[in-house]
């Protein structure tokens, strides 16, 4: 890297940031109108102090959207248990067929143990933070409003990022030779297990699991919190990581970290930036699981729900900048400066548009899919 390239890599994101600040201050801002605070009329210690779900409403960060009163076997929690069992069986079968020696590889399994425990430790610390600054009802769930200063949105983003980051950074030594797709899938499954342990019957019985759930249970996501964070983000994100780790040449494989950091940190920072500094909001739709809805006898003609949620252009600008910054951090893994500059100028707008058009809580497949596809195309054809 030449000095001139270094100055460009450092200077362009900084100048872009200044341009965004000037632009957003010159653009007249506004706020989405808040709804009447009906939830304030009911005491916090009541068993279900939640607003009923109304189709077509716009939910702001921190506003309570639903309840957890339904039988868990009629919800996504039951589907998640079946999914975890099926994927475990699939992993055991794939390992037995392709790399049976992995079962007796003590080094590999020794390095897998810290992944779920680290994830659970992060969840517990974030849950303690939520309980310190937020109230809870008598079932143990966090209660906030759109006006609450501290929101679960912040700690949820930490969970979101760590779910991808931990399996990638806690890896086996080179002598183990166990960094393939199947081995990576085992690490991701163990991380997903920490989310599966927070299904309703377990979290309402064991407080430590409720503590973990508190750290990711955004009130505006209820009663779909676990569904949206796993089915809408963690599972497709895991699949994306495995696919791109397989198709991108080994010498360029660390470039996968670009989409992990943009999705985890860039999109993660977009939420608090939007909440504190967002004066230019726009709306996005939510996601609904048609399998669960069909069981209820409801007509689910689309996976896009009628409920709407608030985002901001300031938050999208944060994703734009992260595309530049995290691409810069991976300069040495490109085959040429030409490849780097194409990716540098492409990731910002591509990732910000992907985040803007994706449904609420389903931005991961859009961000990782488009970002990873572009990186693969660049290192393959340029």
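A few notes on this one:
- Scanning region 99-126 for residues that are closer than 18 Å to residue 198 by Cα and surrounded by fewer than 17 Cβ atoms within 10 Å (Cβ to Cβ) yields a count of 4.
- Helices (runs of 4 or more DSSP H) within region 188-249 that include 3 or more residues modelled with pLDDT under 90 and within 23 Å of residue 271 (Cβ to Cβ): 225-229, 235-247
- Number of the condition not met by residue 96 [criteria: (1) closer than 16 Å to residue 184 by Cα; (2) surrounded by 13 or more Cβ atoms within 10 Å (Cβ to Cβ)]: (2)
- Residue 90, sole failed condition from (1) in contact (Cβ under 8 Å) with a residue 40 or more places away in the chain; (2) in a helix (DSSP H, G or I): (1)
- Test for residue 96: is it under 29 Å from residue 156 (Cα atoms), at pLDDT 95 or above and not in a loop (DSSP other than H, G, I, E, B): no
- Residue 274 fulfils the conditions (1) within 21 Å of residue 126 (Cβ to Cβ); (2) buried (at least 18 other Cβ atoms within 10 Å of the Cβ); (3) over 15 Å from the mean Cα position of the chain (by Cα); (4) at pLDDT 85 or above except for a single criterion, (4).
The values are calculated or read from the model by the stated rules, or taken from the named source; none is laboratory data. Quick caveat, the model's predicted, so the values are computed rather than measured. Counting neighbours? That spans all protein chains shown, and the Cβs are built from the backbone with ideal geometry, glycine included.
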